[in-house]
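Down below is the structure, laid out as structure tokens.
Every number in this text was worked out from the coordinates using simple rules, so none of it is lab data. As the structure is a computational prediction, the values presented were derived from the model and not from experiment. Note that we place each Cβ from the backbone using ideal geometry, even for glycine, and neighbour counts take in every protein chain shown.
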Amino acid sequence: MTGNEQKLKELMSLLGHEFGDVSLLRAALTHSSLTKGRRQNRAHQDYERLEFLGDRVLGLVISEELFRRFETADAGNLSRRYNAQVRRETLAEICSEIGVDKFICMADDLAASGGRENPAILEDVMEATIAAIYLDGGFDAAREFIKSRWWHRLDREGAAQKDPKSSLQEWAAKIGKSPPKYTVIEETGPDHAPKFKVEVRLEGLDPFEGTGPSKRTAEQQAAEKMLKDLQSD
């Protein structure tokens with residue numbers, strides 16, 4: 001058994017799924033920095049197509065479980081719980097918890113610049129891995145994997161709380177103000193590891209800034225800072 005095959009065996013053990021078609025797992029772990037210009041070569045597939053499918057599989061499994069588990073919850077409550085489970089931060093955290101990040105294949109310069117710690121890449125790889133399990137073992141296999149990693153999170157305290165952006169918008173509407181306005185004021189870093197600085201403005205209030213690896217994360221941080229300031233008054 002080669003070193004690469006041994007690594008894949010190790011990862012399959014961590015995932016709890018023995019792949020019949022190992023090429024699916026290889027593709028789920030391969031960043032496009034290794035496949036540019038070679039997309040027609042079956043031996044050099046990356047995770048982008050798998051990520052598309054995995055996002056939908058995860059969404060269906062989580063939606064169904066929330067619908068069944070929280071029988072008296074209204075649609076808004078279910079949506080908040082759903083968003084907490086499928087957001088980038090959650091997928092990146094689970095990817096690292098399992099240890100999948102250590103197996104991601106990418107160009108050396110990307111790895112050297114922190115590619116294996118990039119939340120966007122970890123999110124994509126986690127979704128691609130779900131798709132790979134789904135294609136290899138069917139829906140039941142994918143559901144069992146998701147169950148093993150997500151179910152204990154569904155009842156966590158705060159799982160149904162509104163995110164900062166929603167809370168700030170509701171506060172503004174309640175007192176008759178226009179919705180908060182978010183503006184990207186700075187975008188730095190390479191394409192594979194961007195960093196955004198976003199400003200939020202609300203009529204009659206001082207603006208606040210947030211930063212993060214995505215616009216959404218930066219917006220949430222800015223909204224959270226404004227909410228904390230409002231609560232301190």
By the mean-Cβ-within-10 Å protection proxy, highest first, 76-88, 115-127, 23-35 rank as 115-127, 23-35, 76-88
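Ranking request for peptides 91-100, 11-20: highest mean number of other beta-carbon atoms within 10 Å first, then the rest in descending order. Let's see the in-between values first.
On the way: 91-100: 18.6, 11-20: 15.3.
Final packing ranking: 91-100, 11-20.
For the range 140-233, just say rounded, prolate or oblate: build the C-alpha gyration tensor, square-root its eigenvalues into a ≥ b ≥ c, call rounded for a/c under 1.5, and beyond that prolate if a/b exceeds b/c, oblate if not.
Values: a/c = 2.94, a/b = 1.43, b/c = 2.06.
Because a/c hits 1.5 or more and a/b fails to exceed b/c, the range 140-233 counts as oblate.
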One computes Rg over Rh for the range 94-187 from alpha-carbon atoms, with the Kirkwood Rh, and obtains 1.12
Yeah, the chain with a ≥ b ≥ c from its alpha-carbon gyration tensor (a/c under 1.5 is rounded, else prolate when a/b outruns b/c, oblate otherwise) is oblate
Full extension between Leu60 and Asp108 adds, at 0.36 nm per residue less the Cα distance, a length in nm of 13.7 nm
For the Lys215, Lys181 Cβ pair and Förster radius 22 Å, calculated FRET efficiency rounded to 0.05 is 0.95
For Phe208, the residues 5 or more places away or on another chain with a placed amide H closer than 5 Å to its own amide H are Val200
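Past 23 Å, Cα to Cα, is the threshold; run Lys165/Lys197; Lys165/Lys215; Lys36/Lys147; Lys174/Lys225 against it and keep the listed order. Write out the running numbers ahead of the final one.
On the way: Lys165/Lys197 15 Å; Lys165/Lys215 12 Å; Lys36/Lys147 34 Å; Lys174/Lys225 19 Å.
Pairs exceeding 23 Å: Lys36/Lys147.
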Sequence order, the range 54-63: Karplus ³J(HN,Hα) from phi using 6.51 cos²θ - 1.76 cosθ + 1.60, θ = phi - 60°, Hz rounded, Gly and Pro as x, gives x, 4, 6, 5, 4, x, 5, 5, 5, 4
Per GNM of the chain with C-alpha springs under 10 angstrom, the most fluctuating residue out of Lys174, Lys162, Lys197 is Lys174
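Would you kindly calculate the mean projected area, averaged across all directions, of the convex hull enclosing the Cα atoms of the range 22-108, in square nanometres? Could you put the intermediate results ahead of the total?
On the way: hull surface 28.2 nm².
One quarter of the hull surface, i.e. the mean projection, equals 7.1 nm².
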Residue-ordered couplings for the range 79-87, obtained by feeding phi - 60° into the Karplus form 6.51 cos²θ - 1.76 cosθ + 1.60 and rounding to whole Hz (Gly and Pro as x), are 5, 5, 5, 4, 4, 5, 8, 10, 6
For the chain, averaging the sequence separation of alpha carbon pairs under 8 Å that lie six or more residues apart and dividing by its residue count, the contact order in percent is 18 percent
